[in-house]
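What follows is a single structure, written as structure tokens, with notes after it.
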There are 2 protein chains.
Amino acid sequence: MHILLTNDDGYNAPGIQTLYRALRSQTNHDISIVAPDGQRSATGHSITLFQPLFLTEHKLDGQQKGYAISGTPSDCVKLAIQGGVVAKPDLIISGINLGPNLGTDIFYSGTVSAAMEGVLLGVPALAVSLASYEFMSFEPAATYLAEQLDFIVQHNHKGLMNINIPGKPQVEWRGVKVTRLGKAVYENVFERRVNPHGITYYWQCGNLAQDLESDTDLRAIQEDFISITPMHSDLTDFACIKSWQPIFDHNNG
Amino acid sequence: MHILLTNDDGYNAPGIQTLYRALRSQTNHDISIVAPDGQRSATGHSITLFQPLFLTEHKLDGQQKGYAISGTPSDCVKLAIQGGVVAKPDLIISGINLGPNLGTDIFYSGTVSAAMEGVLLGVPALAVSLASYEFMSFEPAATYLAEQLDFIVQHNHKGLMNINIPGKPQVEWRGVKVTRLGKAVYENVFERRVNPHGITYYWQCGNLAQDLESDTDLRAIQEDFISITPMHSDLTDFACIKSWQPIFDHNNG
């Protein structure tokens with residue numbers, strides 16, 4: 001299997017590099033890395049149309065190839081596949097991200113969006129996140145993923161699987177839960193400040209409120225479970241279409 | 001009704017300004033504008049966490065308030081509502097965008113993402129696009145929207161309605177179709193060049209292939225219909241959850 005690794009924390013981030021080493025040492029898959037040349041967190045599914053994209057090749061062991069790109073995570077996946085920078089992969093793994101990607105926050109996530117871009121281009125994908133900004137060791141999550149990879153891929157739906165791993169020592173993980181995306185609600189989202197010139201500005205931040213629904217990804221991580229959420233790529237509200245057609249369709253002769 | 005206008009083409013873009021004038025002259029609604037201070041096309045649902053956000057107030061007629069923001073379309077909606085820059089709106093209209101926002105391309109769209117951000121914050125939203133880069137007159141689309149607004153809002157599902165209007169004179173519009181999101185497939189997506197210093201770089205571009213499915217937004221616009229697509233905000237693949245639970249859930253004691 002040829003696996004393309006990408007992320008939104010940048011080519012040299014420890015999450016993707018630790019994952020690369022775990023996959024190389026624990027599996028026999030071919031691995032390419034095509035990742036942004038720096039931090040691109042919260043860039044969502046943005047792509048670069050008005051600037052050119054530059055590549056920097058990095059040496060990896062054996063036949064593996066690595067490229068850092070001057071664009072977004074979705075640019076990386078598009079350029080890798082549609083630009084022919086590497087052979088078409090059988091699987092994309094985006095991550096391991098530093099910090100959770102849960103619930104409605106996935107819309108802002110470069111990590112999840114890169115995986116989604118893979119699915120749009122016909123390649124199954126995993127988005128993998130370490131759900132903490134404090135527990136900085138990626139080894140347990142990377143080792144777990146490398147061990148479970150064949151099992152996960154065998155049962156994937158050829159779509160996107162969003163995996164969040166508790167940001168705690170593995171001994172504290174309580175198991176795996178298949179979840180739905182929850183609703184990420186924040187409090188105190190903007191902090192208003194005035195600069196030395198008297199100009200008002202805002203920092204976006206906010207505290208995540210607890211998710212009280214029992215079957216969500218947010219709740220699973222709050223309770224120290226690995227969360228696996230199957231995702232699709234169609235935001236059409238099909239339930240509405242039939243009821244709307246008699247209301248809105250007209251003059252269609 | 002208090003309507004918040006935003007877009008991804010920037011505060012001064014003709015699409016949003018023409019829409020503002022049409023709504024002011026044809027309806028009695030209160031209007032605020034909170035839009036990016038410049039071009040933010042293809043920024044998807046990205047948000048700004050690592051830079052502060054600055055506001056520039058613009059004069060509008062009467063009691064209306066306008067702000068240009070140094071961030072993305074989603075930042076604008078979040079700051080407007082969660083930052084309390086304007087009173088909570090009853091409706092968000094994002095647009096009128098210059099160019100189509102159809103099918104899977106909506107993932108890249110700042111216009112649609114701003115509307116989606118509204119829905120995530122509990123405000124129904126319309127994303128409105130003029131589906132051409134050549135026919136630059138926004139008046140027919142803005143007039144149509146102002147005329148139909150009460151009817152559209154009355155039947156909206158309190159979610160996101162993605163509206164694309166043919167980029168042609170109104171006499172050539174063939175009617176309205178309620179559609180699903182199609183699959184936007186591009187050919188020749190990257191153009192490879194070498195700069196005067198011998199460095200390879202890529203421009204992202206591509207030609208949109210024709211959509212042959214009859215019930216999609218892409219097809220409706222190809223056939224000169226106004227396309228209205230109801231959208232939801234949950235990318236969970238619910239069909240997978242039940243089949244995955246016996247496979248992946250374990251050690252949950």
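Every number here is computed from the coordinates shown, using simple stated rules; none is lab data. Values in this document were obtained by computation on a predicted structure and should not be read as measured data. Backbone-built Cβ (ideal geometry, glycine too); neighbour counts: all protein chains shown.
Per residue, the average separation of C-alpha pairs within less than 8 Å and at least 6 apart gives the stretch A:48-103 a relative contact order of 21 percent. Label-to-label distances for B:D224 across copies, nearest first, come out at 6.6 nm, using points 7 Å from Cα in the beta-carbon direction. Between identical copies, the spacing of B:F54 label points, each set 7 Å from Cα toward the C-beta atom, reads 2.6 nm from nearest to farthest. Spin-label model, A:L49 to B:F50: label points 7 Å out along the Cα-to-beta-carbon direction sit 2.4 nm apart. Using only Cα atoms, figure out Rg for the stretch A:169-221 and give it as a multiple of 2.2 N^0.38 Å. Output field value: 1.77.
Normalising the average separation of contacting C-alpha pairs (under 8 angstrom, six or more residues apart) by the number of residues puts the relative contact order of chain B at 18 percent.
Listed by chain and number, the lysines whose alpha-carbon sits under 19 Å from that of B:K65, ignoring those within fewer than 8 places in the same chain, are B:K78, B:K88.
Rg/Rh, computed from the Cα trace of the protein assembly as shown with Rh as the Kirkwood radius, has the value 0.97. Taking Lys and Arg as +1 and Asp and Glu as -1, the other residues whose beta-carbon sits under 12 Å from that of B:G206 total -2.
If the Kirkwood radius is taken over C-alpha pairs of the stretch A:122-191, then at 20 °C and 1.002 mPa s the Stokes-Einstein diffusion coefficient equals 152 µm²/s. Between identical copies, the spacing of A:V194 label points, each set 7 Å from Cα toward the C-beta atom, reads 5.8 nm from nearest to farthest. Expressed as a whole percent, the proportion of Cα-Cα pairs in the stretch A:1-60 lying more than 15 Å apart is 56%.
The convex hull of the Cα atoms of chain B, projected and averaged over all directions, covers 19.0 nm². Sorting B:Y186, B:Y144, B:Y11 from the fewest to the most surrounding beta carbons within 10 angstrom yields B:Y186, B:Y144, B:Y11.
Bridging of B:K177 to lysines at a Cα separation below 19 Å is possible for A:K242, B:K168, once same-chain residues fewer than 8 apart are set aside.
For the pair B:H58 and B:N28, label points projected 7 Å from Cα toward Cβ lie 2.7 nm apart.
To make sure I understand the rule: partners must be aspartates and glutamates, Cα under 17 Å from the Cα of A:K158, and not fewer than 8 residues away in the same chain. Which ones qualify? Those aspartates and glutamates meeting the cut-off are A:D90, A:E117, A:D150, A:D234, B:D237.
Using the Cα gyration tensor of the stretch B:141-253, with a ≥ b ≥ c the square roots of its eigenvalues, what is the shape: rounded (a/c below 1.5), prolate (a/b larger than b/c) or oblate (neither)? Oblate, since a/c reaches 1.5 and b/c is not below a/b. State the Cα centre-to-centre distance between the stretch A:124-194 and the stretch B:73-136 in whole Å. Rounded to whole Å, the Cα centres lie 29 Å apart.
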